[in-house]
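Contents: one structure, followed by commentary.
FYI, it's all coordinate maths here, none of it is from the lab. Quick caveat: nothing in here was measured; it's all calculated off a predicted structure. Here the Cβ is made from the backbone with ideal geometry for all residues, glycine too, and neighbour counts use every protein chain on show.
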C-alpha cells in the first residue's frame, strides 16, 4: 500500500483545479447563489496563521455550499492602498507600488499552496487605476448628493503618520495603525456625512439580530449613540452669546448650579478674554490638550477645571451660574457644553465638591429625603421633581415631556435627539491612496472632475517623506491643472481618500470585476448581493463594517443596488494565540504557514486550524495538535486504501431490501449519524471542530469494523456497497476541511468523478434509528442497572422490565415504590421510600 504523500497529492490537485477552472463561477439566475467572502487582506508581504484561519473558515463553508449544489461566488483581492506601503517605500527608497505588488505575488503564492477554492479570475487590487477610478466615481456621486463636504473642523492628527484620522480610527487616543498619540487640530478636510444615515444604520441593525454577533451590533449601536433629550439655551450674562447644551434629563434643569465647557470649545477662550481668568484658562487648555480622552472621561479619573470668568443664566430659575471649563467634557460629544447638576450626576458632584460649587437636589426617590449638604453619591434614577417651581410632583417621562413643552413655548429650548456619531473624515495627507477628484478654482470654487476624465491617476514620481504638505502637492505637473468649468489655471486636490473607502464597496466590485463602464453591473450585483456569509475580525466592528453599511445605503439610494444590507451573516473569528499572547513578529511567537505546509501539508494546516477551537473563540497553537491532525489524515488514508481493493467496483448505493448483519447495520447507522452531525455542525452551528470530531469517530468505527470484516462480506456486493458508502461519505465530509486528500481518495473510489464534483451526502432518518437502545435504571437517582431493549418498546413495557431487574430488586427490597419516571429512550428512575 502506498504511503500518504501529501506533497505530491496537494501539488497534483492544485494544478488540476487551476487548469480546469474548477472554482470559476458565472452569474446564473437559474441557480440558487451563495456569496462567501472573507475580509480581503492588506498585502503586508507574508500571510500568517491568522490569515490561514480566516480563509480556512471561509473555504470550508464555500466548499460545503458548492457540494450542496449552490452557485458559489468565493473571490479574493487585495486592500492595497495604505500607509505601511508608503512608509516601507520611504525606508527602502523604492516606490509603494513595487513593494505592494511584490507582496501580492508572494502572498498569492502562499495562499494558492493552501488550496483555497477562490475564483482567481475575479482578483482585484484596490491600488490599480481600474479599481480606484470607481472610488472616485463614488466620491463624485456623494458630492452630488451633498454627502461629501469640505469644511474646517477639529480633526484627529497623527504626527507619526502625518495625517488626519477618522474618529473610528482613534483607539484610546492613539492611532489605530501606528499606536502613536493623536492630537486635536483645526484643519480643512473632506467629510462623508454618515450622520445623515444614523437612524437608518440603527434601524438596519434590527434586521441583523441573530445573523450578526450580538457584540458587533451592540458596538455599532453604542458608536452611533442615539439619545433622546432636550437642547437648552443658556444666555451668557452681559452679552448676546448663547451656550447651547444637550441633556437627556431636562427634568433636572432646576438643579443646574454651574455650566462646563469643553477645553476645546471656542467659547472657553472667548469668554475668558479680558478677565482675570484669561491666563489660567489658556494654561488649562494647553495642559488638557495632551491628555488621554479615555482617562479624561473616566468616572474614576481626576476631575480638573478652571473658571472662565463668565456667568450664564439658568433659563428656568433665572439665576446666574458660573461657567467653567473641565477636562471631562469633550467637544465631539453633544454640543461640547453641559449644564452641571451635581445632585444627579456623579462627575458633576465630584467636581462640585472639589471646587466648592453649590449642590441642589431637584429629584427625590420614592419615600426618599436626599440632603444636598450630605450627599456623597449622586441620585441618577427616576423620581419626583422637587424645588422645581410649577413642575413639582411630576415624575419620569411625564416630567421630561412637560419641561420640554415649556422650553418650546418659551423659545429657550426644545426636545431633540442627539448622536455620538460624527461625520467620517476621509482626507488623508499621504501619497499612496485614491486621489480626490476635485479641482480648486479661484473663480469657480470647488469643481468636480468630469466622469469622462476618471481616473485621476496617481503620479509615479511624488516626493515621499517630506513633512509639512501632502506629497502630491510637491508635484506641480499634478497639482496645476485647468479648471474643468472655466479652463483657467487651477489646483487639484492633493489629499487622498481614506483607504477605508476602498473596502467599503469592494464586495460589489467582485460581482463585475472587469466592468469598464460601471463600478458593477446591476444584474450581477443584484444576483449575488448580499454577501451570504462574511468572515473577518471583530476589530472592524465600527470601522469597515459601519462604513460598508453606510456605503451600501447610499448606493441603494442612488438606485445602483437593491438589497438593504451588504452582509446577511457575519462570523467574527477569534485570534490565534501562542505562548499566551496573539501571534506577533515583535513577540517572536509567529508560526510560518509555509513551515507547516512543508512538514505536514496544507490539509493538516487547515484541519488543525479548524479543529483546535470553535471559529469564534481564540485558538491556542499546539505543535502536538498539528501532529495529531497529521496522524489522523494518515489513518484516513490507510483505512481507505486497505478497503479499496475489496470495494473498488462496488455500487455506492446499498440495497435496503437485503438483510444484512448487525455489524453492517451499525456501520450504516454510524455513517448516516455522521452525515447528519457534520451537516448540522457546518450549516446550523458553524462548529467545524465538532464536525471534524464526528469524522474522527467514524474513522475509529471503520477500524473496528475492519477487524471483523470477514470473507463472506468481502465477497458480498451489498456489503461492499455499504463499506463504499461509508468511505465515500467520510472523504466528502472531510472535503471542506482537507480537500486535497478528499479529492485524491474520492478519485480512487470513483474514477469517473471529476475535480470539484463531489456531492454532499444526505442522511436517511430511518437508518439513524438503532434496533436496540440502552436504558439506564436509577433508584432514587443512583444508577443500579442498565438494560438493552428494542427501539420501539413502550414506556409501560420498559417500566415493567426495569422493576423486574434483579439488580434493582436488591435495592428496592421491602421498600414502597412511590413513583416511576420513564424518560423514553434514555432512563427509568424509580423513587422508593
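Observations, loosely collected:
- Relative contact order (percent, whole number), region 18-87, Cα cutoff 8 Å, 6+ residue spacing: 48 percent
- Packing-based ranking of 787-798, 30-41, 176-187 yields 30-41, 176-187, 787-798, ordered from highest to lowest mean Cβ neighbour count within 10 Å.
- Folded to 0 to 90 degrees: helix 129-144 orientation relative to the chain principal axis, Cα: 50 degrees
- Contact order normalised by residue count of region 271-390, Cα under 8 Å, 6+ apart, percent: 18 percent
- Shape call, the chain: gyration tensor on alpha carbons, a/c limit 1.5: oblate
- Sequence-distant contacts, meaning Cα pairs under 8 Å at least 6 residues apart, place the relative contact order of the chain at 13 percent.
- Region 227-418 - Kirkwood radius from inverse mean 1/r over Cα pairs (Å): 16.9 Å
- Degrees separating the helix 83-92 axis from the principal Cα axis of the chain, which is the longest one: 90 degrees
- Fraction of antiparallel bridges per DSSP, the chain only, in percent to nearest 5: 80 percent
- Inter-site label distance for residue 98 and residue 477 at 7 Å from Cα along Cβ, in nm: 1.8 nm
- Cβ crowding within 10 Å averaged over residues, with 701-708, 138-145 ranked highest first: 138-145, 701-708
- If R0 is taken as 60 Å, the Cβ-Cβ distance between residue 152 and residue 20 corresponds to a FRET efficiency of 0.55.
- Extension gain (nm, one decimal) between residue 211 and residue 377, 0.36 nm per residue minus Cα-Cα: 55.7 nm
- Spacing of the two label points (7 Å from each Cα toward its C-beta) at residue 417 and residue 638, in nm: 6.6 nm
- Euclidean distance of C-alpha centroids, region 320-389 and region 539-556, integer Å: 38 Å
- Theoretical gain in end-to-end length, residue 804 to residue 623 [0.36 nm per residue, Cα-Cα removed]: 59.8 nm
- Here r is the Cβ-Cβ distance between residue 282 and residue 112 and R0 is 45 Å; the resulting FRET efficiency, rounded to 0.05, is 0.15.
- Distance (nanometres) between label positions extended 7 Å along Cα→Cβ at residue 663 and residue 485: 8.8 nm
- Take 482-492, 42-52 and order them by the average number of nearby Cβ atoms within 10 Å per residue, most first; the result is 42-52, 482-492.
- Helix 544-557 axis, angle to the chain major axis (alpha carbon atoms, nearest 10°): 80 degrees
- Alpha carbon centroid spacing (whole Å) that separates region 589-618 from region 39-90: 16 Å
- Available extension along the chain between residue 11 and residue 123 is 38.2 nm, counting 0.36 nm per residue and deducting the alpha carbon span.
- Shape of region 690-764, Cα gyration tensor, a/c cut at 1.5: oblate
- For residue 592 and residue 649, a Förster radius of 25 Å and the Cβ-Cβ distance give a FRET efficiency of 0.05, rounded to the nearest 0.05.
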